[in-house]
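The values are calculated or read from the model by the stated rules, or taken from the named source; none is laboratory data. None of the values given here were measured: they were computed from a predicted structure. All Cβ positions, even for glycine, are placed from backbone atoms using ideal geometry, and neighbour counts span all protein chains on display.
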Amino acid sequence: MELLWKIGYTVGLCAPKPEFITVLADKEVEKGENVILYCEANLKELTAVWEKDGERLSCVQGKHKLDQKVCLFVLEINKAQEGDEGKYTLTLKNKWGSKSCSATVTFAIKEWRNMPKNQSKMVTTLKHYKTCNDDVSELRFLLHGQIGAGKSSIINTIKSIFENRQFVSCLAATTSGTSYTLDYQKYTAGSENTGRLPFAFYDVMGLENNSGGVHTDDIIKALKGHIQNGYKFKPDQPISEDSEYYISKPRLSDKIHCLVSVVATDRIVLMEDVISKMKLIRKEASELGIPQVVFMTRVDEACVLTKNDLSRIYRSRKIKDKMHECSNKLGIPLNCIFPVKNYHDETGLNDNINCLMLEALTQIVLWADDYVKRCSEKQKHVE
Ligand SMILES: Nc1nc2c(ncn2[C@@H]2O[C@H](COP(=O)(O)OP(=O)(O)OP(=O)(O)O)[C@@H](O)[C@H]2O)c(=O)[nH]1
Ligand SMILES: [Mg+2]
């Protein structure tokens, strides 16, 4: 086989063009750190041309080092400084063709939001939280968003924190073709032993780009408190008033007290249709006065710096940019957007994962309770 290939190669029958086996990866680094960009090609006899921001890289002695180990092409930048940020492109050539790939090098920024730290204080506050109205024994949160955004995983993460062990009772998907969650399902956190928390989380079927996924009317009905736990969503048809799961006269305790839009940080660009559906739902929630927030999941998939050390999340320019993008696309202010990381491949619990989630949860609990207070006062006026 190898001989045949060699003969073909020599007489030019099969032209071995350069191809990338792996491509350059974006780097977000601290100023002064060494940066290594590398990728692997299918061939070793290739001409490599490195460019920075569209111009041929002028190698500075002691700063840049170009290397090739068989099919691995490497650029090392020693102690990266201000001028080293930018887009780096490697073009590999031979007489049969050329191929390019690029990656950006950026610096971490000054911490612009404090990374929450006091886990046990937040846990205690939430565990002993008392709602402002005795008729509303639990604050209700509805999690909606694109399929595979991490809605079910958020619930599992919250349950894991309060029960001190990994939780997978809210089934999370392994792939994201169609929504894995099909029912309107309520989840609570805490247990008999650890103490039940006065919060309920509703997991719903994901929104899809076309006519699939959960019907927007169903989410709006759920916000108003018309849908009972256990209802099975039908993408082509919203719940009918005759359904046994339809609550015709919902009380304040049946309603949703805070809408949580879940967005996967690494997939914001794929959400065009979903965004218009989310905006429609948000408009309705605004008319009802329901507070709305965004939980941005999968931060580790969107940013290497954050993946390597979650405590540096608020130093990541990429995460900050994604939060701005999310804020612009959904029309939600930045202070209502919470980047979080869910448990997904870890086996033990992690303080940084817990702290980020707990801070987001503390905020939404307060805002949900404010909403209950406003509604209770309005009700009193009517009576
Ligand atoms: N790396 C990483 N993966 C995550 C995170 N959150 C969720 N995932 C993974 O993303 C996939 C989808 O997560 P789910 O929680 O099932 O998403 P969902 O929004 O409930 O999906 P549907 O019910 O199908 O609409 C699963 O494979 C999760 O393990 C995260 O913060 N980081
Ligand atoms: Mg789900």
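Summary of values
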quantity: Hey, Val340 in contact with a strand residue (DSSP E or B) (Cβ under 7 Å, 6 or more places away or on another chain) and either free of Cβ contacts under 8 Å to residues at least 40 places away in the same chain or closer than 30 Å to Asn34 by Cα (or both) or not; calculated: yes
quantity: Residues located in region 329-338, provided they are part of a helix (DSSP H, G or I) and within 21 Å of Ser276 (Cα to Cα); calculated: Lys329, Leu330, Leu334, Cys336
quantity: Residue match in region 124-135 (condition: among the β-branched types (Val, Ile, Thr) and outside the structural domain of Phe338 (by TED's automatic domain parsing)); calculated: no
quantity: Failed item, numbered, when Glu30 is tested on (1) under 29 Å from Ala108 (Cβ atoms); (2) surrounded by 12 or more Cβ atoms within 10 Å (Cβ to Cβ); calculated: (2)
quantity: Subset of region 258-274 (residues that are surrounded by fewer than 21 Cβ atoms within 10 Å (Cβ to Cβ), away from ligand 2 (no atom under 16 Å from the Cβ) and touching a residue at least 40 places away in the same chain (Cβ under 8 Å)); calculated: Ile268, Leu270, Glu272, Asp273
quantity: Thr104 being away from ligand 2 (no atom under 16 Å from the Cβ), over 24 Å from Ser311 (Cα atoms) and of a type in the set (Val, Ile, Thr); calculated: no
quantity: Members of region 122-173 found to be assigned to a helix (DSSP H, G or I) and more than 9 Å from ligand 1 (Cβ to nearest atom), listed by number; calculated: Met122, Val123, Thr124, Thr125, Leu126, Lys127, Ile158, Lys159, Ser160, Ile161, Phe162, Glu163
quantity: Residue match in region 309-325 (condition: among the polar types (S, T, N, Q), in a helix (DSSP H, G or I) and under 18 Å from Val262 (Cβ atoms)); calculated: no
quantity: Residues within region 95-118 that are touching a Leu at 6+ places or on another chain (Cβ under 7 Å) and either of a type in the set (Ser, Thr, Tyr) or surrounded by fewer than 16 Cβ atoms within 10 Å (Cβ to Cβ) (or both), tallied; calculated: 3
quantity: Residue in region 333-347 that is out of contact with any helix residue (DSSP H, G or I) (no Cβ under 6 Å at 6 or more places or on another chain), within 30 Å of Ser253 (Cβ to Cβ), within 16 Å of ligand 1 (Cβ to nearest atom) and assigned by TED's automatic domain parsing to the domain that holds Ile219 present; calculated: no
quantity: Long-range neighbours under 8 Å by Cβ, at least six apart or interchain, first residue under 21 Å from Pro198 (Cβ atoms) within region 108-131, second among the β-branched types (Val, Ile, Thr) and in a helix (DSSP H, G or I); calculated: Met122/Thr362; Val123/Ile161; Thr125/Thr362; Leu126/Thr362; Leu126/Val365; Tyr129/Val365; Thr131/Val372
quantity: Qualifying residue in region 339-357 (condition: in a helix (DSSP H, G or I), over 18 Å from the mean Cα position of the chain (by Cα) and surrounded by fewer than 15 Cβ atoms within 10 Å (Cβ to Cβ)); calculated: yes
quantity: In region 142-195, residue farthest from ligand 2 (Cβ to nearest atom) [restricted to those that are modelled with pLDDT under 80 and of a type in the set (A, V, I, L, M)]; calculated: Val168
quantity: Residue match in region 250-270 (condition: within 20 Å of Ile154 (Cβ to Cβ), modelled with pLDDT under 90 and not basic (Lys, Arg)); calculated: yes
quantity: When residues of region 193-240 are limited to those that are of a type in the set (D, E, K, R) and in contact with a strand residue (DSSP E or B) (Cβ under 9 Å, 6 or more places away or on another chain), the one surrounded by the fewest Cβ atoms within 10 Å (Cβ to Cβ); calculated: Lys232
quantity: Neighbours by Cβ (under 8 Å, 6+ apart or cross-chain): first from region 28-56, under 14 Å from Glu82 (Cβ atoms); second loosely packed, with under 14 Cβ neighbours inside 10 Å and acidic (Asp, Glu); calculated: Lys31/Glu82
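Residue by residue, here is whether (1) among the hydroxyl-bearing types (Ser, Thr, Tyr); (2) in contact with a Lys or Arg (Cβ under 9 Å, 6 or more places away or on another chain); (3) part of a loop (DSSP other than H, G, I, E, B) holds:
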| site | (1), (2), (3) |
| --- | --- |
| Ile239 | no, yes, yes |
| Ser243 | yes, no, yes |
| Pro250 | no, yes, yes |
| Val262 | no, yes, no |
| Ile268 | no, yes, no |
| Ile275 | no, yes, no |
| Leu280 | no, no, no |
| Asp300 | no, yes, no |
